[in-house]
Each structure stands twice: as C-alpha cells, then as structure tokens.
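For reference, the structure is listed below as structure tokens.
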Amino acid sequence: DFPTLASDFLGFEADLADHEREALVALRQHAERSIRPLVNDAWDKAEFPHEILPGLHEHPLFGQLWDETRTGEYSAVYGGWTALELARIDASIATYVGVQNGLAMGSIGVNGSAEQKAEWLPKLASGEIIGAFGLTEPLSGSDAAQGLRTTATPDGDGWVLNGSKRWIGNATFSDITIIWAKSTEDGQVKGFIVPNATPGFTATKIERKQSLRIVQNADITLENVRVDAALTLEKANSFRDAAAVLRLTRADVAWAAIGTAIGAYEAAVAYTKERVQFGKTIAHHQLVQDLLSRSLMNITASIAMCTRVSRMQDAGTQRDEHASMAKAFCTTAMRETVALCREALGGNGIVLDYNVARFHADAEALYSYEGTREMNSLIVGRAITGVGAFV
Ligand code: FAD
C-alpha cells in the first residue's frame, strides 16, 4: 500500500524490496514536507539550507555500500531511487548526497584502509562531518587523468600538497576534502583525506552560478598542505583508483537526472490542467499533450535503463561503459524534457515560483558534471570499437 509516483508510468518502483519502498516513501514524505518549501528561496539566494541536514541524515541514504555504516540491506537500485526522489524536489540536494555519500565516502570506502574506513565512514554517514571530493582543476576537467597538476611530494612519513582545484562541491563548508594529486616520486595519482582546517588549505565559493545555485562549489588552493601518512588513502595508487569511485557514482547522476526531469514534468502537468486558453485548459490542446507525452516517454525509458544498470551494479557486472551510457543518455533525455516542460508553461516557465525554471537551469550542470555527455559517449564508443578516442 505504498503511494507511488504517477510519473513512474510503468511501475518500476514496485520492484524494490518492501523495506526499500518503505524507506523511499518515508524519504519522499520527508522531502515534500521539510525540503520542498525551502528550495526556491535558497536557489534564489544561492545559499545551502543547512537546517535540512540533521533530518536528511536520519534516512538510509548514506553508506549503504560499506560494511562500516550498513544500516540494512539496500540495493544500488534503491540508491538510485533515492537520488531520483531527492532530485525530484531539488537537484542540488541530490548533489549534496551524491558528493557526501558517493564521492567522499566512496573514495574512502573503495580506497581506504580498514582503519580509515572505521574512523571516517560512520561520521560521514551520520552527518557529524561533511566531505568533499577534489579532482577537477582550473586547467583540467575532462582530461583529469593526464592533466592533473596538483603535486604530492614525500615529506618524512607524510606528504606535502601544492596546487589548485575547481568546482569542488560542499567544500565551502566541508570538514574534509578528498584531494587527488600526482606524486612527484612516481608520477602516479594518489588520494588524500585533507581536513579543511589544515594550514595552507583555502576554499573560496564560486559566485554567480546560474545552475545548481544551492550547491556550494569552491575553488581550492593548496599551499604546502602537509598530510600525515594516516590520511593517505591506502589503496589509491593510480588514476584508476579515482576512476573506480566515479564508476560507482555515475549511475546515480543518471538517476538524479531522471528526478530533475520528473520535477519539471510534475509541475508542467499540474499547470496544464489549470491554465485556460481558447476557452479550455491547455491540457485539452493536442500539441500540449504531445509535450507531456514526450516528457513521460523520456522519463520512462530512462528509468528502465537505470534500473538495469543499477541491477548490474548489485550483481557486480556493471562496467564503465554501462554507467557512462546511462549518464549520457539520461542527462540528454532530461535536458530535452525540462525544455519541453518549460515550453508547456509559456512565459511562466521562466519564473522560479512556477517550479520549472529551477529544474531547467539545474539540468545544465548535471549534463556536464561527473563526465560531460561527450566524454561518457566516448567511453561507450571505446567499448563499441575497442579504440579509445579521447586524445
Ligand atoms: P572541459 O573538460 O574543458 O570540456 C569543455 C567541452 O569540451 C565539453 O563539452 C567537453 O565534452 C569537450 N571535450 C573535452 N575534451 C574532449 C574530447 N577529447 N573529445 C570531445 N569533447 C571533448 N569536480 C570535482 O572534482 N568535484 C566536484 O565536487 C565537482 N562538482 C561539480 C559541480 C558542478 C556544478 C560543476 C559544473 C562541475 C563540478 N565538477 C566537480 C567538475 C566537473 O566534473 C567538470 O566540470 C567536468 O568534468 C567537465 O570539465 P570542464 O568543465 O573542465 O570542461
């Protein structure tokens, strides 16, 4: 007897286990009640609503993948649905969870020692501390593997980090940031758990963003930042180890893209049933129905693809190209959908209070982060042809 989403047209949510559906519905109700009323104002002011964090961290959203924080058996498909559910309310809030749970906790979960996992994962899961993930730099985005310039120089039993990072989500208020840097010893990429309070670490908010305005992104500078050996991610010894984290998180961005599309779609459906033109609600007009049908088809095809990819993650058979296909396809479908929904509102589609403009603007960042559409398409292309076409 769970209330379902009308936008889940083929009823995929029914495939979740009972305890997962129960948790998802509780999250849906919580987000409607406690988060939705805040987001338009927060977006307008480009501020993060910190007051939502204690309530959010009470839900099983963080650390399903790691034994240290496991709160029950939750599948990757459930994890995907939670990303959809949050993005349906606001894509920035879904991004906060993606950074905390996927990128920050994922880096430690995949690459940390047993001691590092035991020390950091429970605190990140409960929200006692906040994490961020610093890979991208001012001069390297898509070519993060080859272009990484931040250096890690051995110093006694630790390392000294120098360089700069750009676009780092949560980093203006995080307690720790995972910093990826190239060893001056062997040229390999290594990962470090860097407390933001370390001398030489500076995070400055990127202002005047016009997409995901609630997410706080930072430019980071690292000037002779010393990290102890205990803060060096034990198993991170090459770029592949950073990429292993992205493999886990990329499908969740695809799920968040579906939620972003659904957020706009639900507002558009409601609007077309109220707005009257030519003597009847615009829902009566054939071309308006076509906008809504195309939107729902995009959403439905995307849920089907993501369900399969997340099942493969649960089964341990998901490869890079599967997650990349989902990310590239679903963000492209999202981008078309939010535009169709914006169109269905006419002029009001560009006003924040009509609840489509925010999704329309936020879609642009989801389309480009965690690998642009082109880069994810090239990962699929490499799987098709056996030839890497990046360089
Ligand atoms: P570029 O790499 O400069 O690309 C520009 C264009 O060129 C794109 O269209 C791209 O597809 C195309 N292009 C580049 N190379 C090729 C090629 N070989 N073939 C074809 N096309 C190509 N990073 C983090 O480390 N941590 C974070 O928390 C984080 N959060 C983010 C949040 C937001 C809101 C945004 C916008 C970004 C975030 N990022 C983060 C960075 C994000 O991952 C990068 O923006 C993304 O990887 C693209 O890099 P870029 O912006 O430098 O674009």
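Looking at the stretch 165-179, I want the residues that are touching a residue at least 40 places away in the same chain (Cβ under 8 Å) and have a partner that is within 9 Å of the ligand (Cβ to nearest atom) and of a type in the set (F, W, Y) with Cβ atoms under 8 Å, at least 6 apart or on another chain. Which pairs are those?
Sorted first by the residue in the stretch 165-179, then by its partner, the pairs are W167/Y369; I168/F133; G169/F133; T177/F133; I178/F133.
If I filter the stretch 120-140 for residues that are among the β-branched types (V, I, T), within 16 Å of the ligand (Cβ to nearest atom) and not in a strand (DSSP E or B), do I get at least one hit?
Checking the stretch 120-140: at least one residue is among the β-branched types (V, I, T), within 16 Å of the ligand (Cβ to nearest atom) and not in a strand (DSSP E or B).
Go through the residues of the stretch 157-166 one by one and say whether even a single one is more than 10 Å from the ligand (Cβ to nearest atom), surrounded by fewer than 19 Cβ atoms within 10 Å (Cβ to Cβ), more than 20 Å from the chain's Cα centre (by Cα) and under 22 Å from K209 (Cβ atoms).
yes
For the stretch 104-114, enumerate the residues that are touching a residue at least 12 places away in the same chain (Cβ under 8 Å) and surrounded by fewer than 24 Cβ atoms within 10 Å (Cβ to Cβ).
G109, V110, N111, S113 - these are the residues of the stretch 104-114 that are touching a residue at least 12 places away in the same chain (Cβ under 8 Å) and surrounded by fewer than 24 Cβ atoms within 10 Å (Cβ to Cβ).
Please give the helices (runs of 4 or more DSSP H) falling wholly within the stretch 273-391 in which 1 or more residues are within 16 Å of the ligand (Cβ to nearest atom), exposed (fewer than 14 other Cβ atoms within 10 Å of the Cβ) and at pLDDT 95 or above.
The helices (runs of 4 or more DSSP H) meeting that bar are 373-385.
Considering only the stretch 1-34, state which residues are more than 23 Å from S295 (Cβ to Cβ) and touching a residue at least 24 places away in the same chain (Cβ under 8 Å).
L16, A17, H19, E20, A23, A26, L27, H30 - these are the residues of the stretch 1-34 that are more than 23 Å from S295 (Cβ to Cβ) and touching a residue at least 24 places away in the same chain (Cβ under 8 Å).
Report yes if A145 is at pLDDT below 95, more than 8 Å from the ligand (Cβ to nearest atom), closer than 30 Å to L53 by Cα and of a type in the set (A, V, I, L, M, F, W, C), otherwise no.
no
Under 7 Å between Cβ atoms, at least 6 apart or on separate chains: pull out the pairs that start in the stretch 139-159 with a residue that is touching a residue at least 40 places away in the same chain (Cβ under 8 Å) and end on any residue that is assigned to a helix (DSSP H, G or I).
S142/M375; A145/F239; D157/A229; G158/A229
Which condition number in (1) within 26 Å of A114 (Cβ to Cβ); (2) away from the ligand (no atom under 13 Å from the Cβ) is the one that I262 fails?
(1)
The values are calculated or read from the model by the stated rules, or taken from the named source; none is laboratory data. From a predicted model like this one, the values you see are computed outputs, not experimental measurements. Note that we place each Cβ from the backbone using ideal geometry, even for glycine, and neighbour counts take in every protein chain shown.
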